[in-house]
Amino acid sequence: MLEIIDKRSRARLFRERLMIALTASGLSRAALARAVRVDRSTITQILAKDDTRVPGGHLVAACAQALDVSADWLLGLTERPEQAGALLESSLSISETGRATTLDDQIFEWQREAEGYKIRHVPATLPDVLKTESVLRWEYAPITHRRPDEAIDAAAERLDWLSITDSDYEMAIAVHELESFARGEGYYSGLAAAIRIEQLDWMIEVYERLYPRLRLYLFDARAVYSSPITVFGPKMAVIYMGRHYIAFRDKDRVRAVTQHFDWLVREATISSRDIPDFLRRLRNQVR
């Protein structure tokens, strides 16, 4: 709820903030007067300490535009001086990514920024951080403009970070993703059985070593759905489009994506405690 400010206090706050913005802009009073199309004496009067009036809305808006601040901030209605467009730009960004860049470099940078917070992740396939060298080489084989060794080194670096970070790391994955992997179907068609067995064994080893700081939850994609996302504590939420990440920093959207992930966890058909047994059953089915 906004604090109710009396007329005299609002006029004083407007005067103080206008002077702050004017000083920061580097404009003179005469230059501001020209920009808002009033006499210099009008600006001088507005800034006079004994003036108890707030200018009309048109002049307030003109001053805000000239000084690149928010009219609401000048009037004491918000503590954020940025204009609406600047606020949107700071709260949302689009970053290019995909297999043409180093394996999730941007994601790893955001992970380190969120050190100490819980990280929630829905991967597009198997989690990159848990993939074996053989799986990464198989995945990157069709990409002729880069070496799979780069992806292997990046995945190892991320696993090292996961082993020492203070952050809890939760992942939610569709059950059919792991089942398709074990059977070598769909996306994983053509992947040798030996590589699939090695991968499942590695996932079991890493999971049992890092649990409970690393927790996986498996959901039924016929009942619930999620695009690939990552939530970095309260700081940021990211949606993966394929070639780009869309990143949100404003608290309402971060909270919404967090609630979406928590919904996946609540609806999970296989809990974090049961993951090793599930992976072992899959391993025994590999042909």
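Report yes if LEU27 is modelled with pLDDT under 90, in the same structural domain as LEU77 (by TED's automatic domain parsing) and surrounded by 13 or more Cβ atoms within 10 Å (Cβ to Cβ), otherwise no.
Spelling it out, LEU27 is indeed modelled with pLDDT under 90, in the same structural domain as LEU77 (by TED's automatic domain parsing) and surrounded by 13 or more Cβ atoms within 10 Å (Cβ to Cβ).
Take ILE152 and tell me if it is in contact with a helix residue (DSSP H, G or I) (Cβ under 9 Å, 6 or more places away or on another chain), assigned to a helix (DSSP H, G or I) and within 30 Å of ARG222 (Cα to Cα).
Taking the combined requirement at face value, the residue does not satisfy it.
Within the range 195-204, does at least one residue satisfy the condition of being surrounded by fewer than 16 Cβ atoms within 10 Å (Cβ to Cβ), basic (Lys, Arg), out of contact with any Lys or Arg (no Cβ under 7 Å at 6 or more places or on another chain) and over 22 Å from LEU264 (Cβ atoms)?
There is no residue in the range 195-204 that is surrounded by fewer than 16 Cβ atoms within 10 Å (Cβ to Cβ), basic (Lys, Arg), out of contact with any Lys or Arg (no Cβ under 7 Å at 6 or more places or on another chain) and over 22 Å from LEU264 (Cβ atoms).
Every residue, every condition in (1) under 23 Å from HIS176 (Cα atoms); (2) of a type in the set (Asp, Glu); (3) in contact with a helix residue (DSSP H, G or I) (Cβ under 9 Å, 6 or more places away or on another chain), yes or no:
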position	(1), (2), (3)
LYS235	no, no, yes
TYR245	no, no, yes
GLU267	yes, yes, no
PRO276	yes, no, yes
ARG280	yes, no, yes
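Among the numbered criteria (1) surrounded by fewer than 14 Cβ atoms within 10 Å (Cβ to Cβ); (2) under 27 Å from GLN106 (Cα atoms); (3) not basic (Lys, Arg), which single criterion is violated by PHE232?
Among (1) surrounded by fewer than 14 Cβ atoms within 10 Å (Cβ to Cβ); (2) under 27 Å from GLN106 (Cα atoms); (3) not basic (Lys, Arg), PHE232 violates only (1).
Could you list all residues from the range 30-46 that are part of a loop (DSSP other than H, G, I, E, B) and either of a type outside the set (D, E, K, R) or outside the structural domain of GLU16 (by TED's automatic domain parsing) (or both)?
VAL38
The values are calculated or read from the model by the stated rules, or taken from the named source; none is laboratory data. In this text the structure is predicted, and so the values were computed from the model without any measurement. Using ideal geometry, Cβ is built from the backbone for each residue, glycine included, and neighbour counts are taken over all protein chains shown.
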